[in-house]
Every structure is written in C-alpha cells, then in structure tokens.
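What follows is a single structure, written as structure tokens, with notes after it.
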Amino acid sequence: MIVATVLSIILLLIIQFLLHKNTVGRFELKWEKILEFIKNIEILDLAKELLIIFIGAFIALYVTNYSENLDEKEKVIKLFNIASSEISTEYAQTQFFLEQYDAGSMEAEEVYYNINNYTGVLENLMDNDIVMVTLSAEGYARILNDLRILNDVYDRLMKLDSKNENVITYVKMMNSHCENLLFAMEIEEKYLNGQYSEKDIHTLYSDYISDKYIPIDETQIEKNNN
C-alpha cells in the first residue's frame, strides 16, 4: 500500500512536469526545465494533493487491517465455542464418572471402558497460525500446556490395565485439566472481545492457580527428607 502511494506521487509529479506549458513541443530533459518547473509549480496545491493521497492511503490501510483483524477474531471466537463445547463434554463426562464411582454406582473398570477424550477440535485450533497470533501470549501457552497434559494423561490411562488401582487417579487428572482449559478459553474469549487486557489476564490466571492449587512448602519437604 505504501509503495503504491509513493509510486502514485512520483507519477503525479511526472505528469505535472510533462503537462507544464514550457514542455510542450519536443521533449528535452534538461535541468533548466526541471528547475523552471519547480519554480513555477503551485507548491501549495501540490502539497494539498500529496496530503490527500497520503491520508487516503493510510486510512485505507488502517480500515483494511482493522477489518481483517476483526474477521480473524470473530473466526477464532466461533472455533473456540466449538472447541469449548467439546471440552465441556469431556469435563461433564469425567465429573459424572467420578461422582458415580464415589457413590459406589460404578466400578473403576467400568469408568475405564467408558471414558473418552474429546480434544480433536482444540488440537487443530491451537496449530492454526491465526490463533497463535490472535490469542494472548500467556493464554495460548497455558491452553497448549493443559491440552498436552490432558492428552498425555489419557494416553497413559489407556495403557493401564482396566483393573489398575490408578485408573480413578488418572480420571481425576483429566477432569482437572479440562476445568483448566474451560477457564482459560473463557478468559481468552473475553480477551478477544476486548473485555480483558494482557495485564488482566495475567492477574486472573495467577488468582485461579493460587485458589486451585496448594503451594508447595519447600521448608516442610526439607524437614521430611531429614
């Protein structure tokens, strides 16, 4: 866009030079004629024309970029809604199985054979270049991290024997990371809508982690080791 603007300005100067009354007839490119053209040209009018061109070019560039960014954000939000529904289904599933197990209505083996992992849409979404540059840096990193851990936990679960005593532990881990993903995706959607800034996001994530996870007391660990 800017290159085109500069070329347009150069072309405008050439045309005005060629149309100058002293250049009518046989064309001779001499410095005297160029200097005469510069002296006689209406500088104010030319400045106005150049200013109009520059303003028009930059406005067009701004509107185009703003429109493209808005379209990209809207697409990401729509895809996020689909991915969020997918993760919500998995969260509800793991929550249900854990409640049924705690109530004695399901055995760990039944949970093992019925559990599924629904992350296909979110995986594809996180590999998209537009998503990488549209989400907040912290949000993208946290979602990607929880997604990878969730998939890894599910893969490890599927490698266990159905009667393994750690089945429910892995299901609890899946449930926890689904919860993390839903929180992060909700925050990022509000960020894309302009409701949160990067600073707001950092504070929200920090508060969420502080409330959910108990900090490790390194002093107590050292005492236990001694």
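Among Arg148, Arg156, Arg142, which is the only one that is among the basic types (Lys, Arg) and within 19 Å of Gln93 (Cβ to Cβ)? Before the answer, list the steps.
On the way: Arg148 fails: within 19 Å of Gln93 (Cβ to Cβ); Arg142 fails: within 19 Å of Gln93 (Cβ to Cβ).
Just a single option satisfies the conditions, and that option is Arg156.
Which ones in segment 124-143 are at pLDDT 90 or above and over 14 Å from Ile201 (Cβ atoms)?
Matches in segment 124-143: none.
Tell me yes or no: at least one residue of segment 108-126 is of a type in the set (Ser, Thr, Tyr) and farther than 21 Å from Arg156 by Cα.
Step one: list which residues in segment 108-126 are of a type in the set (Ser, Thr, Tyr), which gives 112-113, 118-119.
Subsequent filtering for residues that are farther than 21 Å from Arg156 by Cα retains none.
The answer is no, given that none of the residues of segment 108-126 is of a type in the set (Ser, Thr, Tyr) and farther than 21 Å from Arg156 by Cα.
Under the condition of being within 31 Å of the chain's Cα centre (by Cα) and small (Gly, Ala, Ser), which residue from segment 131-176 is farthest from Leu192 (Cα to Cα)?
Applying the filter and picking the extreme gives Ser176.
So for segment 102-113 (the condition being surrounded by 14 or more Cβ atoms within 10 Å (Cβ to Cβ), part of a helix (DSSP H, G or I) and touching a Cys at 6+ places or on another chain (Cβ under 8 Å)), does at least one residue qualify?
No, segment 102-113 has no match at all.
Looking at (1) modelled with pLDDT of 90 or more; (2) over 24 Å from Phe183 (Cβ atoms), which is the one condition that is false for Glu99?
Going through (1) modelled with pLDDT of 90 or more; (2) over 24 Å from Phe183 (Cβ atoms) one by one, Glu99 breaks only (2).
How about segment 95-130: which of its residues are under 13 Å from the mean Cα position of the chain (by Cα) and of a type in the set (D, E, K, R)?
Those that are under 13 Å from the mean Cα position of the chain (by Cα) and of a type in the set (D, E, K, R): Asp127, Asp129.
Please determine whether any residue of segment 195-204 is in the same structural domain as Ile143 (by TED's automatic domain parsing), exposed (fewer than 10 other Cβ atoms within 10 Å of the Cβ) and at pLDDT 90 or above.
Looking only at segment 195-204, we keep the residues that are in the same structural domain as Ile143 (by TED's automatic domain parsing), and these are 195-204.
Still in the list and also exposed (fewer than 10 other Cβ atoms within 10 Å of the Cβ): 199.
With at pLDDT 90 or above added as a condition, the list becomes 199.
Yes, that holds for at least one residue.
Tell me which residues, restricted to segment 114-166, are of a type in the set (D, E, K, R) and surrounded by 12 or more Cβ atoms within 10 Å (Cβ to Cβ).
Here is the first cut: in segment 114-166, the residues of a type in the set (D, E, K, R) are 123, 127, 129, 138, 142, 146, 148, 152, 155-156, 159, 161, 163, 165.
Scanning segment 114-166 gives Glu123, Glu138, Arg142, Asp146, Arg148, Asp152, Arg156.
The values are calculated or read from the model by the stated rules, or taken from the named source; none is laboratory data. Please read all numbers here as calculations on a predicted model, not as lab measurements. A quick note on method: Cβ atoms are made from the backbone with ideal geometry, for glycine too, and the neighbour counts reach across all protein chains shown.
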